[in-house]
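Chemist: What follows is a single structure, and I will ask about it in a moment.
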Amino acid sequence: MRRLTTWGLALTAALTLGTLAAAPAQAAGGSTLTVSVVTPAGSPVQGASVTATSTAPGSYPGYGYTGNDGKATIDDLDPGSYTVTAEGYLGSYHYNLSGSVTVGASAVSTTLKIAAAGVSGKVTAGGSPVKNTGVILSPATGKASDQYASTDASGRYSLFGIAPGRYTVQVSASTWQAPYFLATYYGNTVREPEATIVTVTSGSERAGTDIAVKADAGVSGKVVTSAGKPASGVYVYGENLDRAGYASAQTDASGSFTLHGLASGPVQLTTWSNTATVDATATKKVTTVTGKTVAAGTLRLGKAKATGSISGVVKNKAGKKSPAYVVTLPTKADPFGASSDAISKSKGKFTIKNLLPGRYKVAVAGTNTYKTVTVRAKKTTKAGTLVKPKGTTISGVVKTSSGKAAKKVNVWAQDSLGTYLGSTTTSAKGKYTIKGAWKGKYTVVVGSTRTDLTATKAVTVRKGHKAKANLRLVKGRTVTATVAAGAKKLAGVTVTSVSGSYAYGTTGTSGRVVLRPLERKTTTLEAQDPYTGGYLDGKVKISSKATTAKISLKSRG
């Protein structure tokens, strides 16, 4: 490389003569070095910082950055031996390459190749590149962590520095910028079980792992108040009705909204607003189309209804304020009931807000007692003092259907009003104890085991007396369900019993799942593909004696 002393002497001479001449041209013989940085498959690496350092004493290094072609050019090098390095990132992988080259009188080139294993490809939508979108590399087996990358302006991505193994590659769904599309796997499918597996070996690159994303379906519309004015800040939810698919958005100042990320087909739109008053929820059904944003029109909110509150205090038998869980029982005014779970933080005081006007029953959960109060709009009704009695215990032993101790099973109890008393887990000997029962009728419930069904037992508690309730579980049946689309067995589908006892599972590679325990009565099984844009839901009814079931699913574009 040209010595700085040469330029320094020239500058001194120019200043001595009173003039500053142009920088002197480099003497003939300065050479050009071109450094190419490539992946294991030979693809160019853009943005690498390249340095060429001479081994001669007193020399200065030359610098450059690789362009779109993966090449960096360093000019005006003196002949001699150089160490060439390239450093940068490919996605999250940091590379630092090194090599040597001899520079002569003429131009010379060298190549530095990344040796780490990797996966690279291009993401397209309708044949056009997709930029700035996320790509996820996930291990198909094992416990390795996911790795992430983002596509460049040409839609290309690179993931390097990964361990040899088998992987799936997924493009994240795009719901916030065009083009809009569903999460799509390599193999051009929205379903992970149907993704093409990418096998990576040490030091190799799986180039050409290209993904053509699947277009989504969208909905746009407007929400207005009961008076017809734009309703801003309202949440709008869209849910596919016959397969997986969900999206949400918030209305803007004009009340407008757009949802993306849905599958095609029937969709239920629902609004929700976090206000101090209660608006009747606006709902609407629309049919979405792949690759389009359909107009839902206007959703009009119901007239706002003013609400009221109930407040009071809970005291124990001694008259001291006591933490408790206070609820309102289901009534005509509030068919679902409401609750206040802030009792323990407020030293016995409670407030239950946002209640529609009407008569309510207010209870300390698990006590079999309540007070009746009337709620008026925009008012707080005082319920006075609710008493939390000292209570006693309900205990017993739970046995399996074979007569053995049912250990580590869940047990809970509720009072005759349906309010929660408490829960626990059985010991190694099947014993349990639930505290806090007062007097009256209670129901003890034992959760199901791998083979036995849930069991219940009614027990009457006398004030101040401990109660006993021993339970024996009943053996359920086992059903093997197979899910298929035509002759194709489907993995990754969730199958649930939607009538009778509850059981669920996910199909394996054979399309089968074992459900247990099920009651010995007519049961409906429902199959749901959890991947947005996947198969339509399906169900089948099986007899009380059936031990196998077949569920057929259909697809829609």
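No value in this document is a laboratory result; all are computed from the given coordinates. Predicted, not measured: the structure shown is a model, and the values here were computed from it. Methodologically, a virtual Cβ is constructed for each residue, glycine included, from the backbone with ideal geometry; neighbour enumeration extends over all protein chains shown.
Chemist: If the chain between ALA56 and HIS94 were fully stretched, how many nm would it gain, using 0.36 nm times the residue separation less the Cα-Cα distance? Walk me through the numbers on the way to the answer.
Modeler: On the way: separation 38, 0.36 × 38 = 13.68 nm, distance 2.93 nm.
Extra length available between ALA56 and HIS94 comes to 10.8 nm.
Chemist: Identify all lysines with a Cα-Cα distance to LYS303 below 25 Å; exclude those on the same chain that are fewer than 8 residues away in sequence.
Modeler: LYS222, LYS229, LYS284, LYS285, LYS332, LYS353, LYS378, LYS379
Chemist: Order by neighbour count: SER423, SER145, SER174, SER501, fewest other Cβ atoms within 10 Å first, most last.
Modeler: Working: SER423 14, SER145 9, SER174 23, SER501 19.
Lowest to highest Cβ neighbour count: SER145, SER423, SER501, SER174.
Chemist: Hey, another quick one. Using a cut-off of 12 Å between beta-carbons, work out the net charge of the residues near ALA363 (Lys and Arg +1, Asp and Glu -1, ALA363 not included). Don't skip to the end; give the middle numbers.
Modeler: Details: positive: LYS361, LYS371, LYS388; negative: ASP415.
Spelling it out: positives minus negatives among the neighbours equals +2.
Chemist: Can I ask one more? To the nearest 0.05, what FRET efficiency results for TYR65 and LYS539 with a Förster distance of 56 Å applied to their C-beta separation?
Modeler: 0.40
Chemist: If you don't mind, there's one more thing I want to ask. List the relative contact order of the chain as a percent without decimals, with contacts defined as Cα pairs under 8 Å and 6+ residues apart. Intermediate values should be presented prior to the final figure.
Modeler: On the way: 1601 pairs, mean separation 42.9, N = 557.
Relative contact order, the chain: 8 percent.
Chemist: Could I have the simple spin-label model distance between LYS321 and SER81, label points 7 Å from Cα toward Cβ, reported in nm to one decimal?
Modeler: The two pseudo-label positions are separated by 8.5 nm.
Chemist: Now for a different question. Based solely on its DSSP helices, what 222 nm [θ] is calculated for the chain when runs of n ≥ 4 H residues each add -39,500 (n - 2.57) and the sum is averaged over all residues, nearest 500 deg cm²/dmol?
Modeler: Numbers: 1 runs with 13 residues, N = 557.
Mean residue ellipticity at 222 nm (helix-derived): -500 deg cm²/dmol.
Chemist: Further question: Once you order the gyration tensor axes a ≥ b ≥ c over the Cα atoms, which shape class does the stretch 418-473 get: rounded for a/c under 1.5, otherwise prolate or oblate by comparing a/b with b/c? List each step's numbers first, then the result.
Modeler: Details: a/c = 2.09, a/b = 1.73, b/c = 1.21.
Note, shape of the stretch 418-473 comes out prolate.
Chemist: Whole Å is fine, so just give me how far the alpha carbon centre of the stretch 364-441 lies from that of the stretch 502-557.
Modeler: Rounded to whole Å, the Cα centres lie 35 Å apart.
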